[in-house]
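Read-outs: derived from the displayed coordinates by stated rules, not from any lab. None of the values given here were measured: they were computed from a predicted structure. Reconstructed Cβ throughout: ideal geometry from the backbone, glycine too, with neighbour counts over all protein chains shown.
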């Protein structure tokens, strides 16, 4: 019997959970702007009228995850009860319905909480589609007719730089040689770099130990966090260069710490350490600011990278138009899921800017490998100047985690989008009800949000008003 | 006894309510992108250790308001329990704490749901400050030493176009003649225009009747909604021009309906009706798109206006840098409340772009009159090319609503920021518990969100999973 998308006919339910990992206890993920992230995700399951389910997530760093969970609930009526046929035969229309709901769009539009929630739902829809086709997501994308793939994209607001017809032509032009590229992804995989040695909260000893360990494993590209203190940044860049030497790649990441002019002067001081790029030098909303920084740093051989906080395709469009990015760092959840990410890859291709996805977090590595492998096979046809971020934490929670082979991501073979977590992980880490969280509350390592009066007072009609 | 801010010493509680008005029943507020808005607000009250309270709101259009309410709760720990002295002596720092909370900022940053919530809280803090000083907000601002006023602004990410020192100098230069300008605002007021005749859902008869009625009242500036259908837009522009003649002002508003090139060609067709500006021609995120449209429409004498959906000072900064705006439409809630709006006014002054605030909605007229009057007295010193939007609905819910005198906003005299609503309105329109909502549910005019199984399924540890 052939399974396909029409085996399941309807979305009959959606569940959403607030999953958080207490990563701040170890300073994992700490940077100049986010000193204490608890890597988290909004975890969505779509239920159908068969055993097929779709799993989708949106990554956050702790507090605020509850808002994305609530936003998923507010959006859920737009998919629950819908026929899969209607959803997938006009996927761009489905996406538009989610992002442009006539009242909800006011609290966006297409940005922040509401767009992260769209991503979780849309990612689950893609996972479901790939599962029902018995293909990993990258293979679903690679095998799709160019017209069909392009039909999933909402071109609103990007028509001035990319039309549907151009996108179809781009994809058709890359069909030649795709079998060889597919084979390469399955056997050799896609090159990766590691950020795991460079968190801001790590001691010198820990950085050195981790770098040596990674080098022994064959890693050749390393990223560290900067931006809190110039002297400390120089010290840490020197530690890294002293260990990795001059031939390996160093990248630095300021996580939006600086003003525009400050970014330029700061990076001039770090230029002797020859970073390949400065990532997120300033506000992710500042297209013109990034363009100014990129121009100023070009003579120093330092590129500008950004994207993990770029809210949607409209900001990416402008970043590309303005020459503001030398490396385009798509994120699998920040924009509205796969459909919008595809649009960004195609625009990047048009402007000849390499895509180097943001990963790490929770499930980001799992997701972006699919997208980047599709890019290699069907869009750019090259890995030149391209590399996927890799961080090795939290891997144990995923049923089919990314596989790294000689510092390359191996193309996944399991159907879907690879974000399904073990039920035990979901039970343990649901916030604030999971067993692990209860233990942390009991140990006094975190404040239990369920205890004591809330700092806010909720009015209810005819109810009492309680002051703190 | 002199009351001042230190009479109250501490924020001891915060309440937040989901207030919605069923405006969609009458097509009030309908436009090309928002056909059925239910004008709503997130309503915050800050309680102190005295009888002084601060009232603050953030405007939304219905669904999604629940997310802003939740976000206020998530942020509330940053103000509840704090000393007023600490808040107001470093108001920029307080603002930064709210907008850059280390985990919550991930679901923004400084945009969408989380920034609307910041606005509600920050607006309440300003209302409280003005009340404790026994001054309307505009007067608090006007009387404040330039250094003190500028100290409330967070200059992060805008230092490349405006420094603290420049801002102080600007304000000092305008001190001369301020008494006369203040007097003018109290006696004559600030000029206004009306949008109330131009909603997309209105019939020809209703448009004509309303226009004649407004003209009889002395109104000379009218705005209508466009963007859904070009032939219908021509027809409606003609109706308006036929009634108002060639000397009065027509403005048109597309509410983000178009792509960049579409905006240009559409407006070329409407040029014969001589609109002063096209408002929100495309995505509010598209700085370069607005700049392209502004350049193309300049020879036709049509300006570009935008701002009600511009998410923060960084987008406004770029809009001004790129020459993308001929009219800067600040919003009192979209950006992070008064502190950030002040920064935008000062940047607009630097680029010599007139500010014409977005109003209407719920409480927007009440708030922007304070800001614009401050601009007239302390920043621009002129009303040339400047005008405040005016819509006359929902006025009955406010304790001290805006006062219109011969189509001018009269400077408010009551202490505070003018958004306090009658307790009865709050009780009646709290969603979904208020009496008015219960009646609408009973009449079957709205779906009661409290009835029937939710379309989503919430997992709980060891709980059941329910499918729909």
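Based on the reciprocal of the average 1/r between different C-alpha atoms, the Kirkwood radius for segment A:165-226 equals 14.8 Å.
On average, how many beta carbons from a partner chain sit within 10 Å of the beta carbon of a residue in B:146-159?
What the average comes to for B:146-159 is 2.
Over segment A:136-248, all Cα pairs binned in 5 Å intervals from 0 give whole-percent P(r) values of 2, 9, 15, 13, 9, 8, 9, 12, 14, 9, 1, listed from short to long.
Using C-alpha pairs under 8 Å with a sequence gap of at least 6, the mean separation divided by the residue count of segment B:171-422 gives a relative contact order of 21 percent.
The other copies place their residue B:234 label points at 6.8 nm from this one, listed shortest first, where each point is 7 Å from Cα along Cα→Cβ. Cβ-to-Cβ counts within 10 Å put A:366, B:430, A:89, A:208 in ascending order as A:89, A:208, B:430, A:366, the fewest first. Divided by 2.2 N^0.38 Å, where N counts the residues, the Cα radius of gyration of segment A:307-457 comes to 1.27. Note on the protein assembly as shown: the C-alpha convex hull projects to 37.6 nm² when averaged across all orientations. Counting neighbouring beta carbons within 10 Å and listing from fewest to most, the residues B:335, A:240 come out as A:240, B:335. When only Cα pairs below 8 angstrom with a gap of at least 6 residues are kept, chain A shows a relative contact order of 18 percent. Among A:239, B:293, A:57, a tally of other beta-carbon atoms within 10 Å of each Cβ gives an order, fewest to most, of A:239, B:293, A:57. Working from label points 7 Å from Cα in the Cα-to-Cβ sense, the residue B:414 to residue B:261 distance is 5.3 nm. The packing ranking, built from the mean of other Cβ atoms within 10 Å per residue, places the peptides A:383-393, B:133-143, B:315-325 in the order B:315-325, B:133-143, A:383-393, highest first.
Spacing of the modelled spin labels on residue A:228 and residue A:212, each 7 Å from Cα toward Cβ, amounts to 2.4 nm. Taking N as the residue count of segment A:244-314, its C-alpha radius of gyration divided by 2.2 N^0.38 Å amounts to 1.07.
Secondary structure note: in segment A:171-421, about 20% of the DSSP beta bridges are antiparallel.
Using only Cα coordinates, the Kirkwood hydrodynamic radius of segment B:171-422 works out to 18.5 Å.
Report note on the peptides B:71-77, A:176-182: ranked by the mean count of other C-beta atoms within 10 Å, highest first, their order is B:71-77, A:176-182. Taking each DSSP H run with n ≥ 4 as -39500 (n - 2.57) and averaging over every residue of the protein assembly as shown yields -11500 deg cm²/dmol at 222 nm. Summary for residue A:178: label point 7 Å along Cα→Cβ; distances to the equivalent points in the other copies, ascending, 6.7 nm.
Comment: the Cα-to-Cβ extended label point of residue B:301, at 7 Å, lies 5.8 nm from its counterparts in the other copies, nearest first.
Closest approach of a chain A Cβ to the axis relating A and B (residue, whole Å): A:112, 1. Shielding by partners for peptide A:12-24, expressed as the average number of C-beta atoms from other protein chains within 10 Å of each residue's C-beta, is 3. For the segment B:55-61, counting C-beta atoms of other chains within 10 Å of every residue's C-beta and taking the mean gives 2. Distance from the alpha carbon centroid of segment A:124-155 to that of segment B:284-332 works out to 37 angstrom.
Modelled this way, with points 7 Å down the Cα-to-C-beta line, the labels at residue A:350 and residue A:176 are 2.3 nm from one another. Structural size metrics of segment B:38-160, computed from C-alpha coordinates, are Rg and Dmax of 14.6, 43 Å. Of all beta bridges that DSSP places with both ends in the protein assembly as shown, some 55 percent have antiparallel geometry. When the alpha carbon gyration tensor of segment B:255-296 is reduced to an equivalent ellipsoid, the three semi-axes, largest first, read 17, 10, 9 Å. Rg and Dmax over the alpha-carbon atoms of chain A stand at 22.0, 71 Å.
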